[in-house]
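J.: Pasting a structure below so you can have a look.
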Amino acid sequence: HEEKTYQYDEKGKLIKRSYTGNESGEVNEYSIFEYAKNAILLTETKFKNDVLTDDINYLYDETNTLIKSEVNRDHKNASIIIVKYAYTFY
């Protein structure tokens, strides 16, 4: 058994993504998405079996709304992962 569900707000933005399955034990994973007023994704909060696993925050370039960096707080491993993005246009 495996099931994926997606919930959207009235403007069509994804606000919750869920996964349930029982391939190797019962698993319930879901992510909650939060947006700024201008519809830019700010955070994704991930849970597994109702336990917080990750907080992912997105930082944007103010001039063109491209992602500058992503900060992932991994609660399970007590670590922080920072990814910086660079863009090249041809």
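The values are calculated or read from the model by the stated rules, or taken from the named source; none is laboratory data. Bear in mind that the values here come from a model prediction, so they are computed numbers and not experimental data. No Cβ is skipped: glycine too gets one built from the backbone with ideal geometry, and neighbour counts run over all protein chains shown. Surface areas here come from the heavy atoms of the whole protein model, side chains and all, with no ligands, DNA or RNA. Shrake-Rupley method; radii C 1.70, N 1.55, O 1.52, S 1.80 Å.
J.: Please give me the summed charge of the neighbours of Y60: other residues whose Cβ is under 15 Å from its Cβ, Lys and Arg +1, Asp and Glu -1.
T.: Once positives and negatives cancel, what remains is -2.
J.: Separate question: Non-local amide H neighbours of L42 (under 5 Å, H modeled in plane, Pro and chain starts lacking H): which ones?
T.: Here E34, Y35, A36 satisfy the definition.
J.: Please report the orientation-averaged projected area of segment 1-48, defined via the convex hull of its C-alpha atoms, in nm². Write out the running numbers ahead of the final one.
T.: Details: hull surface 14.0 nm².
Hull-based average projected area comes out at 3.5 nm².
J.: Given 25 °C and 0.890 mPa s, compute D for segment 46-90 with the Stokes-Einstein relation, Rh being the Kirkwood radius over Cα pairs; round to the nearest whole µm²/s.
T.: 205 µm²/s
J.: Out of residues 5 or more away from D54 or on other chains, whose amide H comes under 5 Å of its own, with H placed 1.01 Å from N in the peptide plane?
T.: Here the answer is K46, H75, since their amide H atoms fall under 5 Å of that of D54.
J.: Order the peptides 42-53, 59-70 from the highest to the lowest mean number of other Cβ atoms within 10 Å of their residues.
T.: Order by mean packing, descending: 42-53, 59-70.
J.: To the nearest 0.05, how large is the calculated FRET efficiency for R17 and A86 if R₀ is 41 Å and r is the Cβ-Cβ distance?
T.: According to the calculation, E is roughly 0.90.
J.: Right, here's the next one. Using modelled backbone amide H atoms (1.01 Å from N, in-plane), which distant-in-sequence or interchain residues come within less than 5 Å of I15's amide H?
T.: Result for I15 returns Q7, Y8, D9.
J.: Taking every pair of alpha-carbon atoms in the chain, what share in percent sits in each 5 Å bin, from 0 to the bin with the longest distance?
T.: For the chain, the binned pair fractions read 3, 12, 19, 19, 19, 15, 8, 4, 2, 0 percent.
J.: Accessible area per residue of the chain at 1.4 Å probe, in Å²?
T.: Value for the chain: 75 Å² per residue.
J.: Let me ask another. Hey, if we sort Y85, Y19, Y90 by accessible area with the 1.4 Å probe, largest down, what's the order?
T.: Ranked list, largest accessible area first: Y90, Y85, Y19.
J.: Distance check, please: which entries in K13/K46; K13/K37; K13/K84; K16/K46; K13/K48; K4/K84 exceed 20 angstrom between their Cα atoms? Display every interim value, and only then the final one.
T.: Working: K13/K46 17 Å; K13/K37 12 Å; K13/K84 25 Å; K16/K46 10 Å; K13/K48 22 Å; K4/K84 30 Å.
Where the Cα-Cα span goes over 20 Å, the pairs concerned are K13/K84; K13/K48; K4/K84.
J.: A further question on this structure: Report, in debye and to the nearest 20, how large the dipole of the chain comes out about its Cα centre when Lys and Arg carry +1 and Asp and Glu carry -1 on their Cβ.
T.: 280 debye
J.: Just to check I understand the Karplus step: with θ = phi - 60° and J = 6.51 cos²θ - 1.76 cosθ + 1.60, what whole-Hz values come out for segment 30-42, glycine and proline as x?
T.: Result, ordered by residue: 8, 10, 10, 10, 10, 10, 7, 4, 8, 6, 8, 5, 9 Hz.
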